[in-house]
Amino acid sequence: MEWVRDARLAAGPEATWYLEAAFTPGAHLGTVYDDPLTPVVVTGVEELTTIRVPSGRLVVDAPWHDDEVWEYQRGLPTRPPRELAVRIPPGAYRVEIAWTTDPYAFTGEHVDGVECAATRLCISDDPVVGWEMGLSVDDDIARLQPGDEPRFFADANVGCFADAGAWKTLSAPFRTFVDGVPAPRDSEQLADGCERVRDESRQADLVTFGAESGGIVWLGRTKTGDVAAIVVTSGMPDATA
């Protein structure tokens, strides 16, 4: 049976173009914000690590929220993470980051301005025929209005993929603060400040990535409707462009 996209969730032409171009080395994603003659170029796609998701339930959210630290440290309830409504087959998956150069001058010196254009969780190598916004288990599609962009928010510009079944353990290292400053945590350091936390008792992982103020989650669907990729973009593109 062939997948039929839902117009309320479907990526528009600009978003579709960006999702494809972001993972194409050499592609131009626009120009530097204060220099229309200098392009923002995709310099490469890096396999950051792999992540284990044994429950098949995926959280895409910030690993912590500043307004919940006080409650967490005192054992009070905090809101649940943004778990996607879609389920994926239990397994281990590649996490890839698309890097761009966004050059600028600082105190008279040239800075390359390496940035994350998008982060991708590779579920399969099957071709993606369409993109749609990924709803959470708490989102109600019937309430979506034109232009709505369901997304997660990130106080510290950090997002993550994580196994929902092990969320409490995996996110705990990010919720320890001393005098308002994040305390050192037992995590594996990956490229450019990204981290991985493991829960060996559940064979589950959490992997962080840069996400300026949060991001929109996109599901790349195959012709049969299976999810082949889950991509997070920050700032752009507009969902309904």
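Screening 83, 46, 20, 68 for residues that are out of contact with any strand residue (DSSP E or B) (no Cβ under 9 Å at 6 or more places or on another chain) and not basic (Lys, Arg) leaves exactly one candidate, 68. It is to be established whether one or more residues within the stretch 138-153 are among the small types (Gly, Ala, Ser), modelled with pLDDT of 95 or more and more than 22 Å from residue 80 (Cα to Cα). No: the stretch 138-153 contains no residue that is among the small types (Gly, Ala, Ser), modelled with pLDDT of 95 or more and more than 22 Å from residue 80 (Cα to Cα). In the stretch 153-169, what residues are under 17 Å from residue 51 (Cβ atoms) and touching a residue at least 60 places away in the same chain (Cβ under 8 Å)? 158, 159, 160, 161, 162, 163, 164, 165, 166, 167 - these are the residues of the stretch 153-169 that are under 17 Å from residue 51 (Cβ atoms) and touching a residue at least 60 places away in the same chain (Cβ under 8 Å). Among what's in the stretch 121-135 and is farther than 16 Å from residue 91 by Cβ and not aliphatic (A, V, I, L, M), pick the residue that is nearest to the chain's Cα centre (by Cα). Restricting to residues being farther than 16 Å from residue 91 by Cβ and not aliphatic (A, V, I, L, M), the top hit is 134.
Just so you know, in the stretch 33-79 the residues that are among the acidic types (Asp, Glu), at pLDDT below 90 and within 23 Å of residue 153 (Cα to Cα) include one that is nearest to the chain's Cα centre (by Cα), and it is 66. Annotation for the stretch 166-186: no member residue is assigned to a strand (DSSP E or B) and charged (D, E, K, R). Exactly one of (1) surrounded by fewer than 19 Cβ atoms within 10 Å (Cβ to Cβ); (2) touching a Leu at 6+ places or on another chain (Cβ under 6 Å); (3) of a type in the set (Asp, Glu) is unmet by residue 199. Its number? That leaves (1) as the condition not met.
List every residue pair whose Cβ atoms lie under 7 Å apart, where the two residues are 6 or more positions apart in sequence or sit on different chains, the first residue falls within the stretch 176-204 and is closer than 14 Å to residue 63 by Cα, and the second residue, located anywhere, is at pLDDT 80 or above and surrounded by fewer than 11 Cβ atoms within 10 Å (Cβ to Cβ). Taking only residues 6 or more apart or on different chains, the pairs are 195/189. Within the option set 217, 232, 207, being touching a Cys at 6+ places or on another chain (Cβ under 8 Å) and at pLDDT 90 or above holds for one residue only, 207. Residues in the stretch 1-43 that are of a type in the set (Val, Ile, Thr) and assigned to a strand (DSSP E or B): 31, 32, 38, 40, 41, 42, 43. Looking across the stretch 44-58, just one residue is small (Gly, Ala, Ser), touching a residue at least 40 places away in the same chain (Cβ under 8 Å) and not in a strand (DSSP E or B), and that is 55. Scan the stretch 81-101 and tell me whether some residue there is modelled with pLDDT under 90, over 22 Å from residue 155 (Cβ atoms) and part of a strand (DSSP E or B). Yes, the stretch 81-101 contains at least one residue that is modelled with pLDDT under 90, over 22 Å from residue 155 (Cβ atoms) and part of a strand (DSSP E or B).
The values are calculated or read from the model by the stated rules, or taken from the named source; none is laboratory data. No experiment lies behind these values; they were computed from the predicted model shown. Methodologically, a virtual Cβ is constructed for each residue, glycine included, from the backbone with ideal geometry; neighbour enumeration extends over all protein chains shown.
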